[in-house]
Amino acid sequence: DNPFVAMNGARPEVWAYGFRNPWRMSFDRVTGELFVGDVGWELWESIHRVEKGGNYGWSAAEGPQPIKPERIGPTPIHPALIELSHTVACSITGGYVYRGQKFPELRGAYVFGDWETRRLWAARFDGDQTKEMPEITRPTVRFAAFGEDNDGELYFLDYDSGTLHTLARNDPGAQ
């Protein structure tokens, strides 16, 4: 699975490559798939579903933007599942595929956030295409990390206050 293994001096531990700044990764507890939030450089933030031996583009490209195409590497680039321009997100924080019971409408969605804009999304995929990605809360906290409990319920850490949060339904009578 190491795409560099045939190269002289290759490091044996490479499993996947081409990430700029992976910021939080998680395995889906049902499928075993690995998801990585990759903080962008100048223009794009990315979410990847990682496969062994996969090339995720950095530093030949940032999202769909070519940077130095001569640096592609020994295998073709896998496009990101999600590419968010800096008009939408500025510092992505990888999350989890929701497997809890409190929000059946989120089950199977990949929930992730953005540190800078404080936005939170729930993405669903059809193969390698993003099918939908609604924003599920108003911006409230600066997402530093996500976690899940034994029941698959999600938690997230607010960088500014250092507090731990979870999702809760709004009171239907509240304004």
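Some points to look at:
- Those residues of segment 118-175 which are over 19 Å from R24 (Cβ atoms) and of a type in the set (A, V, I, L, M), in sequence order: A168, A174
- Taking segment 34-83 as the range and being touching a Phe, Trp or Tyr at 6+ places or on another chain (Cβ under 9 Å), over 21 Å from F4 (Cα atoms) and open to solvent by 60 Å² or more (accessible area, probe 1.4 Å) as the test, the residues that pass are W41, P64, Q65, E83.
- Residue ID - least open to solvent (accessible area, probe 1.4 Å), chosen from residues in segment 116-134 that are within 22 Å of T163 (Cα to Cα) and over 12 Å from the mean Cα position of the chain (by Cα): T117
- Test for G94: is it open to solvent by less than 40 Å² (accessible area, probe 1.4 Å) and of a type outside the set (A, V, I, L, M, F, W, C): yes
- Of the strands (runs of 3 or more DSSP E) lying entirely inside segment 57-175, the ones with 1 or more residues being among the aliphatic types (A, V, I, L, M) and under 18 Å from W44 (Cα atoms) are found at 82-85, 92-97, 120-126.
- Considering residues of segment 10-33 that are in a strand (DSSP E or B) and open to solvent by 20 Å² or more (accessible area, probe 1.4 Å) only, the residue farthest from G100 (Cα to Cα): Y17
- Search result, residues across segment 135-175 that are more than 12 Å from G113 (Cα to Cα), open to solvent by 50 Å² or more (accessible area, probe 1.4 Å) and among the charged types (D, E, K, R): E148, D151, D160, R169, D171
- Within segment 97-108, tally of residues that are surrounded by fewer than 22 Cβ atoms within 10 Å (Cβ to Cβ) and touching a residue at least 12 places away in the same chain (Cβ under 8 Å): 7
The values are calculated or read from the model by the stated rules, or taken from the named source; none is laboratory data. Quantities reported herein were computed from a predicted structural model and do not represent experimental measurements. Reconstructed Cβ throughout: ideal geometry from the backbone, glycine too, with neighbour counts over all protein chains shown. Accessible surface areas use protein heavy atoms only, side chains included; no ligands, DNA or RNA. Shrake-Rupley method; radii C 1.70, N 1.55, O 1.52, S 1.80 Å.
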